[in-house]
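Peer 1: Before I ask anything, here is the structure I am working with.
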Amino acid sequence: MLRIGPVSLLIRRRAVLVAAVLTVLLLLAVVLSLSLGTPYVAPADVLRALSGAGTPYDLVVFDLRLPRVVLAAVAGAAFGVAGTLIQSVARNPLASPDVIGITQGAGLAATVALTSGMAAVLVAPTALVGGLLAAVLLFALGARHGLAAQRFVLAGVAVAFGFRALTEVVMLTADPIDGLRAQIWLIGTLAGKGWTEAAWIAGSLLVLLPVLAWAGWALNSTALDDDTARGVGLRPVARRIGLAGTGVLIAAMVTAQVGAVDFVALVAPQVARRLVRAERPPLVCAALLGALLLVLADLAGRRLFAPTQLPAGVLTAAIGGPYLIFLLLRGRRRSS
């Protein structure tokens, strides 16, 4: 128990240990991602370049690789946070932005922008608007009965299917070249992106930092039923709406910048929860694990079939598919 004046925080040793290990692994993954490529840069030279000592590889490290690696880490962390908030409200390990329609809403808006000749600089803001409109529709359909978990997820699935169908219609009627550009965006790639997108995501998270601090505390009550929560002086409906709203806002914001990178927001919270052995996904550990997953997925996409680069979304989908099978098999064993 950590007490600072009138505020007391319960800190679990295992959560601190897991966070420390994930931080070390993330730093190693960052160095590895900066090292591997053409040309190869030895890890020692990477560290010297990052320390400002000056090496012949400064251009490669700082200008060509570091922006993309930082973007992967920041976007992955944001996906992890968004997935944690949404899954905690939904009380469902399968709830994530790409399941409840936020990603599909952003994807539809981005597809319209990319196939209608809109300026490239307007694609991300348009995608953000699409994600937020999907969130409004989700809350309109799922907010009855106090944003009940089952209704929230079912409403999200319905929204996702509706927006996905509209996206297919737009792509089928678009010019083939524009449709291909939209398809690449929908898969989710970090290629050609860097400091600008990372700054938008990091800046948004900094602005939301007070809200995230509240969310980390409010998540402790998500496992309580409404009657128990009210009995201890809490407002469960308002908390669920606040947590879910923060989660979908972050999901829409990060999807607008990097595209539809699926499954990171789904996998990271539940894996972090199992590592910490907690009843709910831990916010910080989920963020670190999301960052680690996306950095490794982007590295694998760059190097597995070099010189051909695979979008990061392809690799995260390759991770998410087996994970979903694992959840289904695990649930079947429990019910048998």
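Taken together, the values in this text are just the output of simple stated rules run on the coordinates, not laboratory data. Here the structure is a predicted model, which is why all the values come from computation and not from measurement. All Cβ positions, even for glycine, are placed from backbone atoms using ideal geometry, and neighbour counts span all protein chains on display.
Peer 1: Relative to the Cα centre, what is the charge dipole magnitude of the chain, using +1 at the beta carbon of each Lys and Arg, -1 at the beta carbon of each Asp and Glu, and rounding to the nearest 20 debye?
Peer 2: 1360
Peer 1: Something else: What does the charge add up to near LEU36, with Lys and Arg as +1, Asp and Glu as -1, over the other residues with Cβ less than 12 Å from its Cβ?
Peer 2: My count for the surroundings of LEU36 gives +2.
Peer 1: Across the range 213-218, in residue order, what do the Karplus-derived ³J(HN,Hα) couplings come to in whole Hz, using 6.51 cos²θ - 1.76 cosθ + 1.60 with θ = phi - 60° and x for Gly and Pro?
Peer 2: Computed from phi, the couplings for the range 213-218 are 4, 5, 5, x, 7, 5 Hz.
Peer 1: So what are the ³J(HN,Hα) numbers for the range 288-302, from phi and the Karplus equation (6.51, -1.76, 1.60; θ = phi - 60°), rounded to whole Hz, Gly and Pro as x?
Peer 2: The phi angles translate into 5, 5, x, 4, 4, 4, 6, 4, 5, 5, 5, 4, 4, x, 6 Hz.
Peer 1: Starting from the Cα of LEU59, step 7 Å along the direction of its Cβ; do the same at TYR40; then give the gap between the two resulting points in nm.
Peer 2: Taking the simple label geometry, LEU59 and TYR40 are separated by 2.2 nm.
Peer 1: What do you get when you divide the Cα radius of gyration of the range 12-335 by 2.2 N^0.38 Å, with N the number of residues?
Peer 2: 1.00
Peer 1: Before anything else, pin down the relative contact order of the chain: Cα pairs under 8 Å, at least 6 apart, normalised by residue count, whole percent.
Peer 2: It comes to 28 percent, rounded to a whole number.
Peer 1: Next up: Per residue of the range 84-100, what does 6.51 cos²θ - 1.76 cosθ + 1.60 with θ = phi - 60° give for ³J(HN,Hα)? Whole Hz please, x for Gly and Pro, Karplus curve as stated.
Peer 2: Calculated HN-Hα couplings, in order: 4, 5, 5, 5, 5, 6, 6, 6, 8, x, 8, 7, 7, x, 7, 9, 9 Hz.
Peer 1: How much space per residue, in cubic angstrom, does the convex hull of the C-alpha atoms of the range 122-218 take up?
Peer 2: Convex hull volume per residue, Cα atoms: 133 Å³.
Peer 1: Right, here's the next one. Expected output is a single nm value to one decimal: the length gained when fully extending between ALA306 and LEU94, i.e. 0.36 nm times separation in residues minus the C-alpha distance. What is it?
Peer 2: The span from ALA306 to LEU94 would gain 73.0 nm if fully extended.
Peer 1: On to the next question. With labels modelled as points extended 7 Å from the Cα through the Cβ direction, what inter-label distance (nm, one decimal) is found for LEU209 paired with VAL121?
Peer 2: 2.9
Peer 1: Per the helix-only calculation at 222 nm, which mean residue ellipticity applies to the chain, given -39500 (n - 2.57) for every DSSP H run of n ≥ 4 and division by its residues, nearest 500 deg cm²/dmol?
Peer 2: Calculated mean residue ellipticity at 222 nm is -23500 deg cm²/dmol.
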